[in-house]
Every structure is written in C-alpha cells, then in structure tokens.
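Down below is the structure, laid out as structure tokens.
Bear in mind these aren't lab numbers, they're just calculated from the coordinates by the rules spelled out. Here the structure is a predicted model, which means the values were calculated and not measured. When we count neighbours, we look across all protein chains shown, and the Cβ atoms used for this are built from the backbone with ideal geometry, even at glycine.
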Amino acid sequence: MDERQIPIPLEEAAGLSGPLAFNIMLKPAGSLCNLGCAYCYYLDKSGIYGGREPRMTLPVLERVTRECIEANDVSEVHFVWHGGEPLVMGLDFFRKAVEFQRRYAGGKRIQNSVQTNGTLLTDEWARFFRDHDFLVGISLDGPRDIHDRFRLDLGGRPSFDQVMVGLEKLKEHGVEFNTLTTVSRAGEGRGKEVYEFLKSVGSHYMQFLPVLEYVRIKGINSRPVIVEPNAPGAVPAFWSVTAGEFGKYMCDIFDEWVMLDIGKYFVQLFDAALSAWCGQRDGVCIFGRSCYGNAVIEHNGDLYVCDHFVYPSYKVGNILETPVRELMEKPMVKQFAYRKWTSLPQRCLRCPYLPACNGECPQHRDPETGVNLLCEGYRAFFAHVAPAMSKMRFALTNVI
C-alpha cells in the first residue's frame, strides 16, 4: 500500500499539532569516545565532520540550553546527554551546563540524564550527579565474558573492570542509575543469566537494546563501517542478534521477572507492553506511533531528526543559523515523524500486536518489505507475555 493511503491516527496528529514539546539528545563530544565498541553505530559519525575531534563550545552550549528551554511549551524540559562518551567533556563543562539551565529555566523544571560507558566515573563525578539530580544510564552488557566480547577500549583491552568500579562509585554516593544492556550475538541464549547478573550488581531499572546493524566492509584489517540497511554494499553485521534469539532472550527474562520481581525490578520493554495492554501511550520512542520529540543536537549545533538517523539527508539545520523552535517545526521533522506509521506494510496493520509494537524503530525495517527485521522475535515475545499482561491489566483496572 502507498504510505499516503494510511492515515495517521487522529490522536497522534493532534499531539503533533499541539503545544511544542520535545526532548533533546545532546552530543557535546559528538562521536568521541574512549572505547571502541564493535557495534557502536555512532563512532563512524566522525566522518561527517572530517574525522576531527569534536567538542561543544560554551557559546553553543549556552545557545542550545536557552533555546531548548524557551522553545518547549511545557513546564518540564528534559536534557539527555549522550555520545560517544559525554564525560570526556569534563566536569567543568557540565557545571556550566547546570549554570545555564538555572539562568534560563524561567520557572520550568529541568531534568538531566546522561548515558555513559562508566569507565570515567570518579567520586567527584558521582557527587556532582547526586547533587544535581542527574539520572545516570550506565552501559553494561552482562557478566565479564559477554560485556568484554564487543566493549573494548581503543587499544583493544577489556572494559568490564573499569565499568564495575564506576558503578560502585554511583552506588556509594547514592546516585540514581539504570542499566542499558545491548543484546548482541554475545548474549544469545543467556537472557536469564544476564538478568540475574544485573540484579546482583544493584540495577533495579533495566533497558535491553537489540543490536541489529548493517555494515560496509572496507578492508580485511579495517573496522566495518555501520551504514543504513539500504546503503550500497550493506551486509548484516556479525555481532547482530537474530530476531528469534532476541525474542527468546526477552522471554527468558520475563519468565523470571513475572514470577519473582514484579514491583521490585523494572524492565523498560515490560513496562511498555503493559502500557499498551492497558491502552495507554508509553514514553518509549521505538514503540510510539510516530518518531517525534527526540531530536539530536551535535557538538557544533547541527540538529538531526533522530539519534539513529544522523546522516546528511536527515539534517534539519543548525541552531546557530536557525532557532531551535523553527527547526523543530520544519515540515521534514513532522514528515519523518509521520512516516513511521504511514509506511507500515499491510502485514503490520493486520498484526494483533500492532498497538504494542507500532513497527518498532524504523532503523530496523527491511528496506524492501518495510517489515521490522526483529518482527519474529517481537511477535514471539508479545505472544508469550499476553496471558500475564491481560491478568495485570485486569488487576490494575479493578483496583477499588
């Protein structure tokens, strides 16, 4: 079906035409990182900027802070610090960020979250995050052998021990944190083991992110370049998880969680599924009906529609040339947002799990069929959890 024949749901259209509200993912150091994780889709972005070592200047930081706060027509503004590795910017940079947020808050509540590989965390960083209420996401793929399979430093050395030291710093200083665990080929068949490990290190809030990338092989001894699935010469990356194994991985975790851990441990996918079963919209972008409200601002002020689509064709503009509000209201931003739904194939529109999945992330769609390449795994997962989700929905809707 031609995507123009599939109307965007009225509720979604109303949301995109209402008060302007969005999160901004900031890349103050661009793709710069002290690790060289094999599956990192952002390391190759340095090529867009000539391979230079990027750093956001304080004038750009002040500009983006002021404009993002002013452009949001809501009382709460969320800044998401990402990379690369954002901590390479140093503490003084983040102190200035907080200073600018206070200067331009204008009565709005400001929230900060930062995603880090954990290797640069110190007591000083931990105290700063605690004192300024930062939510810290720490990347941890599981036990040592799984984590160190693909998460090596730039010299090819393992990073597990450094991450665990950083995690202990967060716990010692009472910093609120969650874990982000990529599900790659290294973790296939070991979902329950990874879940138990994450619990053992103190994680109560977990995200599991499937790794599914396409690469172009440049040479025998060179790092494969991650590209879009429809790029010439693109082939599946060897580290990618298969759809079936991803579904099994999450089902194994769910079986453990539903028996022992409801209300004690929180898994993003499970929360999103329950929201869908209850007819509620969830805040996880990959399961939303549209791709709006999660733009990316690079170190030099370039704004892109999404973290996974930092390619020249998806660049909206630069905040030093055009105000953030004007950029976020450009037709290409809303067209990108709508396309997630309007380009769904008939197979998705007939699927009983469409309200829970909504086609998942567009980056995972087959360029020829439009079907999500992880569809088999998601269908298996949603079918597996359906009885429990229905019981939980009944319990929630019948509370006196």
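Estimated purely from DSSP H runs of n ≥ 4, each contributing -39500 (n - 2.57), the mean residue ellipticity at 222 nm for the chain is -11500 deg cm²/dmol once divided by its residues. Between amide H atoms placed 1.01 Å from N, distances below 5 Å from Gly317 occur with Leu303, all of them 5 or more places distant or on a separate chain. Which lysines have a Cα lying under 21 Å from the Cα of Lys334, excluding residues fewer than 8 positions away in the same chain? Counting by Cα, and skipping residues close in sequence, Lys334 has these lysines nearby: Lys315. Under the combined filter of DSSP loop state and at most 10 neighbouring Cβ atoms within 10 Å, the stretch 287-363 retains these GluC sites (Glu not before Pro): Glu321.
Using the Cβ-Cβ distance between Glu256 and Asp92 with R0 set to 51 Å, the FRET efficiency from 1/(1 + (r/R0)^6) comes to roughly 0.75. Listed by chain and number, the aspartates and glutamates whose alpha-carbon sits under 12 Å from that of Lys248, ignoring those within fewer than 8 places in the same chain, are Glu188, Glu376. Between Gly137 and Val114, Gln115, Thr116, Asn178, the built amide H atoms are under 5 Å apart, and every one of these is 5 or more places off in sequence or on another chain. The relative contact order of the chain comes to 18 percent, based on Cα pairs under 8 Å that sit 6 or more residues apart. The charge dipole of the chain, taken about its Cα centre with unit charges on the Cβ atoms of Lys, Arg (+1), Asp and Glu (-1) only, comes to about 380 debye. The mean sequence separation of alpha-carbon pairs under 8 Å and at least six residues apart, normalised by the residue count of the stretch 49-176, gives a relative contact order of 24 percent. If you take Cα extents along the principal axes in Å from the coordinates, which of [x] 59, 52, 48; [y] 50, 49, 48; [z] 81, 51, 47 do you get? Derived directly from the coordinates: [x]. In order along the stretch 294-307, the Karplus-derived 3J(HN,Hα) couplings, from 6.51 cos²θ - 1.76 cosθ + 1.60 at θ = phi - 60°, round to 9, 6, 10, 10, 6, 4, 9, x, 5, 10, 10, 5, 6, 4 Hz, and Gly and Pro are given as x. Loop-resident chymotrypsin sites (Phe, Trp or Tyr not before Pro) (DSSP state other than H, G, I, E or B) in the stretch 259-353 with no more than 11 further Cβ atoms inside 10 Å of their Cβ are absent. Less than 5 angstrom separates the built amide H of Ile24 from those of His78, Val80, all sequence-distant by 5 or more or on a different chain. Could you please state, rounded to a whole Å, how far the C-alpha centre of the stretch 258-290 is from the C-alpha centre of the stretch 38-65? If we compute the Cα centre of each part, the gap is 32 Å. Once the Cβ-Cβ distance of Asp133 and Ile217 is raised to the sixth power relative to R0 = 45 Å, the FRET efficiency obtained is 0.50.
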